[in-house]
Amino acid sequence: MNPPHGAGSPRHASGRSRWSRFSCWLECVCVVTFDLELGQAVELMFPPDVKLTEKEKTSICYLSFPDSYSGCLGDTQFSFRLRQSVGRRSSRFKDDVYNQDAPVTLQREASHFFGYVYFRQVKDVSVKRGYFQKSLVLVSRLPYTHLFHSLLQIIAPEFFEKLEPCLEAVCNEIDQWPSPIPGLTLNLPVMGVALQVRIPSKTDKPGGSPVRHMTTENVLPAPTLLPTLHELDLFKSFQSLLIHLQMLWELTLLGEPVVVMAPSPNVSSETVLALVSSISPLKFCCDFRPYFTIHDSEFREYTTRTQAPPNVLLGVTNPFFIKTFQSWPHIIRLGDVRMTGIYTSYKTFLHKDKILIKRLLKGIQRKRPSEVQSAILRRHLLELTQSFIIPLERYMASLMPLQRSVTPWKTPPLIRPFSQDDFISTLDHTGPQLTSLLKGDWTGLYRKFFRSPNFDGWYRHRHKEMSQKLESLHLEVICDADLIGWTKDKSEVEIVDLILKLREKLNKAQRQQLQLKDGVLEKLDSFVSSIIRTLPEDLYTVLRPHDTT
């Protein structure tokens, strides 16, 4: 597929890199078909020069088709998540601007791809096997499940009729989309439809209705509003498991090894993604695979019986896994109503919310819309997670050094270490009982949570945020200090040492994109430049190459 501004040209006429906007949304678009000799095979891929390893391509092929046992006739949509090949991580995601402002649960993945699949299987006498079987797959690092499946519903039916030219046109349209900037509402035109979406921001109030910031472009026809980028129909996923809701939330919170056995990849993937989202706004920091097959490169790693199962949430459809995973501690069986259930010896720390279950069951009797049932369920899970996490946030904030202890001429004080026992001692006065009516062993739940990857991920993220806040405060205090006055009675060695340290801090602030008051970086940079000019020529020559003014 050639660029519109000259065949083979690596850059647009505007100067931006070819596919740079496309790559903000998607890694690539793949068409996977069934070949009698090869089995599943990539038929098309856009952009043509996308750098996927052979291992990644093979995995995408296997994950893009339902298992033969699923019997998926017609059109089926589902999702998968794929581990990126070792040593292939792209440096451009290291200091991702998007991730700075996105909610932690919606950040761009650095080491995994998401696959969003639209699979079609229909009878076709012109094909040797008697069936037309093809998948259109959007591969992305963004967990925008609802957006990408909505996009597939628009482009896939047309693609299956017109094939390659249609796909090329769609990719060119996506390459014109604005970048996903948290907090903005964007219009995304494709195939005569304009999807209007708001990119969530980490400053949004969880569960609230964020202020909408419209872009100023005029779009015709009138845009189709997508109320969410990522949220699923939670009620649809959990309807057959309502009495186990508390257990499901705790298993997910604690990062326990769970396998979901489902009749099809769409049920499998929706259930796994619903479990992951059930602890939002806390990020699920364990591995999770919405659809997992025996061909997956991690199959041996996850099915070995010589060690305890890893902290992973797997969705499977092949009956082969019934025996393979029979030793796993937590198994969710879906499908036939008589078979649906959870097989586990786990005992919940908290009691069930019987009022919620009655309310949802009454909603079924009264044929309450699934969207309303999902909203009730999402609100309950959000409040439950917030009741659990707020005491942790409050205690973590208490470990931050006082602002007055940050002075310009000393290294910032350290964040105090997290003490599990000290935290537990705060629960009597500031525990979850202040915001939640649920009774049970909250202390036991916290102690088990401390041993989970989810606590480790949460703690690392919060510690990083607090460290950056300290760095910002330190730079602002330095900026407000009388730097010129300080240098008047100092030796050249002391002045050079200050310059080098300030430069290091300024570079670090730019790399980490620290949130600073307006003018702080400019003022400090100007001070460094002006002091360098006062130094003797030999020192000035050494330091001058870094002087940017």
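Based on alpha-carbon centroids, what's the gap between the stretch 17-36 and the stretch 252-324 in Å, whole number please?
Centre-to-centre (Cα) distance: 26 Å.
Give the angle, between 0 and 90 degrees and rounded to the nearest 10, that separates the Cα long axis of helix 420-430 from the longest principal axis of the Cα atoms of the chain.
80
Is the shape of the stretch 367-415 rounded, prolate or oblate, going by the alpha carbon gyration tensor and its root eigenvalues a ≥ b ≥ c, with a/c under 1.5 for rounded and a/b larger than b/c for prolate?
Note, shape of the stretch 367-415 comes out prolate.
Just to confirm, what accessible area per residue do you get for the chain at 1.4 Å probe, in whole Å²?
Ligands and nucleic acids excluded, the result is 50 Å² per residue.
What does the charge count near PRO310 come to, summing +1 for each Lys or Arg and -1 for each Asp or Glu among other residues with Cβ under 14 Å from its Cβ?
Here the count lands on -1.
Angle, helix 492-512 long axis vs. longest principal axis of the chain, Cα atoms, 0 to 90°, nearest 10?
Tilt relative to the chain: about 20 degrees.
Calculate the length of the line joining the C-alpha centroid of the stretch 138-212 to that of the stretch 339-392, in whole Å.
The two parts, judged by their Cα centres, are 30 Å apart.
Based on the alpha-carbon gyration tensor of the stretch 276-374 and its eigenvalue square roots a ≥ b ≥ c, which shape applies: rounded if a/c is under 1.5, prolate if not and a/b is larger than b/c, or oblate?
Since a/c reaches 1.5 and a/b is larger than b/c, the shape of the stretch 276-374 is classed as prolate.
For the stretch 18-176, what relative contact order do you get, as a whole percent, if you take Cα pairs closer than 8 Å and at least 6 residues apart?
Normalised by residue count, the contact order of the stretch 18-176 is 29 percent.
Please go through the residue pairs LYS205/LYS347; LYS236/LYS323; LYS202/LYS523; LYS202/LYS362; LYS55/LYS508 and name each one whose alpha carbons sit more than 31 Å apart in this structure.
LYS205/LYS347; LYS202/LYS362; LYS55/LYS508
So which aspartates and glutamates can LYS439 reach, going by Cα to Cα under 19 Å and dropping same-chain residues fewer than 8 places off?
GLU250, ASP353, GLU383, ASP428
Could you list which residues have their amide H under 5 Å from that of PHE78, counting only those 5 or more apart in sequence or on another chain, with H placed in the peptide plane?
Sorted by chain and number, the residues that satisfy this are VAL117, PHE119.
Given the DSSP H assignment, sum -39500 (n - 2.57) over each helix run of at least 4 residues in the chain and divide by its residue total; what's the result at 222 nm in deg cm²/dmol, nearest 500?
Helix contribution divided over all residues of the chain: -12500 deg cm²/dmol.
In Å, what Kirkwood hydrodynamic radius results for the stretch 320-389 from the alpha-carbon pair distances?
14.9
Just by accessible area at a 1.4 angstrom probe, what is the order of TRP442, TRP409 from largest to smallest?
TRP409, TRP442
List the residues, sorted by chain then number, that are 5 or more residues from ARG289 or on another chain and whose placed amide H is less than 5 Å from its amide H.
Counting only residues 5 or more places away or on other chains, the set is LEU313, LEU314, GLY315.
Treat every Asp and Glu Cβ in the chain as -1 and every Lys and Arg Cβ as +1, leave all other atoms uncharged, and give the resulting dipole magnitude about the Cα centre to the nearest 20 debye.
Charge dipole, the chain, about its Cα centre: 1540 debye, nearest 20.
5 Å is the cut-off here: which amide hydrogens, built 1.01 Å from N in the peptide plane, fall below it relative to THR224, excluding neighbours closer than 5 in sequence?
ALA194, LEU195, GLN196
Sorting check: for 134-140, 169-175, which peptide has the highest mean count of neighbouring beta carbons within 10 Å, and how do the rest follow?
134-140, 169-175
Which percent of the accessible area of the stretch 265-314 is formed by carbon and sulfur heavy atoms (probe 1.4 angstrom)?
50
Suppose a student asked you for the relative contact order of the chain, using Cα pairs under 8 Å spaced at least 6 residues apart; what percent would you report?
12
On the protein heavy atoms, probe 1.4 angstrom, tell me the percent of accessible surface of the stretch 342-457 carried by carbon and sulfur.
It is 55 percent, rounded to a whole number.
Considering only protein heavy atoms and a 1.4 Å probe, what is the carbon-and-sulfur percentage of the accessible area of the stretch 145-205?
Here carbon and sulfur together make up 56 percent of the probe-accessible area.
Take the alpha carbon gyration tensor of the stretch 310-427, find the square roots of its eigenvalues, order them as a ≥ b ≥ c, and report rounded if a/c is under 1.5; if not, report prolate when a/b exceeds b/c, else oblate.
prolate
Tell me the angle of helix 145-162 to the major Cα principal axis of the chain, expressed in degrees between 0 and 90 and rounded to the nearest ten.
50
Nearest-5 percent of antiparallel DSSP beta bridges in the chain?
75
The values are calculated or read from the model by the stated rules, or taken from the named source; none is laboratory data. A quick note: this is a predicted structure, and the numbers were derived from the prediction, not measured. Don't worry about glycine lacking a Cβ; one is built from the backbone with ideal geometry, like all the others, and counts go over all protein chains shown. Only protein heavy atoms, including side chains, enter the accessible area calculation; ligands, DNA and RNA are left aside. Shrake-Rupley method; radii C 1.70, N 1.55, O 1.52, S 1.80 Å.
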